[in-house]
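Undergrad: My structure is below; once you've seen it, I'll send some questions.
The values are calculated or read from the model by the stated rules, or taken from the named source; none is laboratory data. Everything numeric in this text was worked out from a predicted model, so none of it was measured. Don't worry about glycine lacking a Cβ; one is built from the backbone with ideal geometry, like all the others, and counts go over all protein chains shown.
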Amino acid sequence: MGLLPVLPDALRPDRQRYGGGHSRDPRITLGDAASLPIGAITAWEAMFRDQGALPSGVERVLIVGGAGAVGSLATQLLKAKTNAFVISTGSRTESKSWCTKMGADLVLDHSGDIPAQLAAANVTNVDMVLSTANTVDNLSWIAQVLRPFGHLSIMDGAASVDTSQLMVKAASIHMEMVFSRIINGAAPQLQGNILGMIADLVVAGRMKPIVTTRLNGLNPETMKAAHELAETGRTIGKIVIAM
């Protein structure tokens, strides 16, 4: 949704549950810190999985929905930690400008013909697609642009996904759910480590917070306003409510 309330030590995971965690660096404001955790962990796990790096051979990454919270942070992570060529999608002028600001090397219009736009940019295929939204509707063109033995990372669950289009590419399909480690007790402290690394990158100036809208006071009016913005499906970056 791109909506998060500002809480004290917003970048610090629970120390009992996460085995230590990392306190919010005082050089990161509470509002900026609140824009980072969920999107950053989701992006990290969706692309790097549990290895802390891209799969071998991944040099071109296409992010569907590059102006959203996850897409924004995924782009920054790739530019900060890898040498990957990053392709992001957006449909509006402001969305495309935001993708470029986040560091995308190439920005496409996902309301148009993505394969044709890639061809026009002399990109024959991509090694990984990070799909943040509308995966089922986009699967036919995703299958076209993904290289054989490429990787599709999905973060929007659906009742059914027809993967037959990807069979001919022998593609690897990855699912991401940010609370999976906590629900399954699968080393959740690793997410605390991720947050610590994200904080270090922000303090070093290699990543930036993604707050685009700040609302003051956690009350029915600001909650309603934030939800109305989020429900348009056209928000950029992160909406933050300061308590």
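Undergrad: Suppose the filter is among the acidic types (D, E) and without any contact (Cβ under 8 Å) to a residue 60 or more places away in the chain; does D113 pass it?
TA: Yes.
Undergrad: Select from segment 38-93 the residues that are among the basic types (K, R) and within 24 Å of D113 (Cβ to Cβ) and write down the one among them that is modelled with the lowest pLDDT. Spell out the reasoning first.
TA: Step one: list which residues in segment 38-93 are among the basic types (K, R), which gives 49, 60, 79, 81, 92.
Imposing the further condition that a residue be within 24 Å of D113 (Cβ to Cβ) reduces the set to 60, 92.
Numbers: R60: 98, R92: 92.
Here the residue is R92.
Undergrad: Of the residues that make up segment 163-177, is at least one surrounded by fewer than 19 Cβ atoms within 10 Å (Cβ to Cβ), over 23 Å from L78 (Cα atoms), at pLDDT 90 or above and charged (D, E, K, R)?
TA: Yes, the conditions are met somewhere in segment 163-177.
Undergrad: Which count do you get for residues in segment 45-78 that are farther than 17 Å from A171 by Cβ and in contact (Cβ under 8 Å) with a residue 40 or more places away in the chain? Talk me through it step by step, then tell me what you get.
TA: Residues of segment 45-78 farther than 17 Å from A171 by Cβ: 45, 48, 50-53, 65-78.
Of the ones still in play, those that are also in contact (Cβ under 8 Å) with a residue 40 or more places away in the chain are 45, 50, 65-74, 76-77.
Qualifying residue count, segment 45-78: 14.
Results for (1) surrounded by 15 or more Cβ atoms within 10 Å (Cβ to Cβ); (2) touching a His at 6+ places or on another chain (Cβ under 8 Å); (3) among the β-branched types (V, I, T), shown as yes or no for each residue.
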| position | (1), (2), (3) |
| --- | --- |
| L130 | yes, no, no |
| F179 | no, no, no |
| I194 | yes, no, yes |
| N219 | no, no, no |
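Undergrad: OK, next. Name the residue that is farthest from V70 (Cα to Cα), counting only residues in segment 167-179 that are part of a loop (DSSP other than H, G, I, E, B) and not basic (K, R).
TA: V168
Undergrad: Of all residues being under 22 Å from A43 (Cα atoms) and not in a helix (DSSP H, G or I) in segment 210-231, which is farthest from the chain's Cα centre (by Cα)? Just the residue, please.
TA: Looking at the filtered set, the residue picked out is T213.
Undergrad: Something else now. Working carefully through the options I142, I182, find the one that is touching a residue at least 12 places away in the same chain (Cβ under 8 Å), under 17 Å from I41 (Cα atoms) and outside any strand (DSSP E or B).
TA: From the options I142, I182, the qualifying one is I182.
Undergrad: Just to check your reading of the model, which residue among A104, A143, A119 is out of contact with any helix residue (DSSP H, G or I) (no Cβ under 6 Å at 6 or more places or on another chain) and either among the aliphatic types (A, V, I, L, M) or farther than 15 Å from G66 by Cβ (or both)? So that I can check it myself, show each step before the final result.
TA: On the way: A104 fails: out of contact with any helix residue (DSSP H, G or I) (no Cβ under 6 Å at 6 or more places or on another chain); A143 fails: out of contact with any helix residue (DSSP H, G or I) (no Cβ under 6 Å at 6 or more places or on another chain).
Selected residue: A119, the only one of A104, A143, A119 that is out of contact with any helix residue (DSSP H, G or I) (no Cβ under 6 Å at 6 or more places or on another chain) and either among the aliphatic types (A, V, I, L, M) or farther than 15 Å from G66 by Cβ (or both).
Undergrad: What residue, of S35, S72, is crowded, with 16+ Cβ neighbours inside 10 Å, under 21 Å from T212 (Cβ atoms) and out of contact with any strand residue (DSSP E or B) (no Cβ under 6 Å at 6 or more places or on another chain)? Spell out how you get there, then give the answer.
TA: On the way: S35 fails: out of contact with any strand residue (DSSP E or B) (no Cβ under 6 Å at 6 or more places or on another chain).
When all the criteria are applied, what remains is S72.
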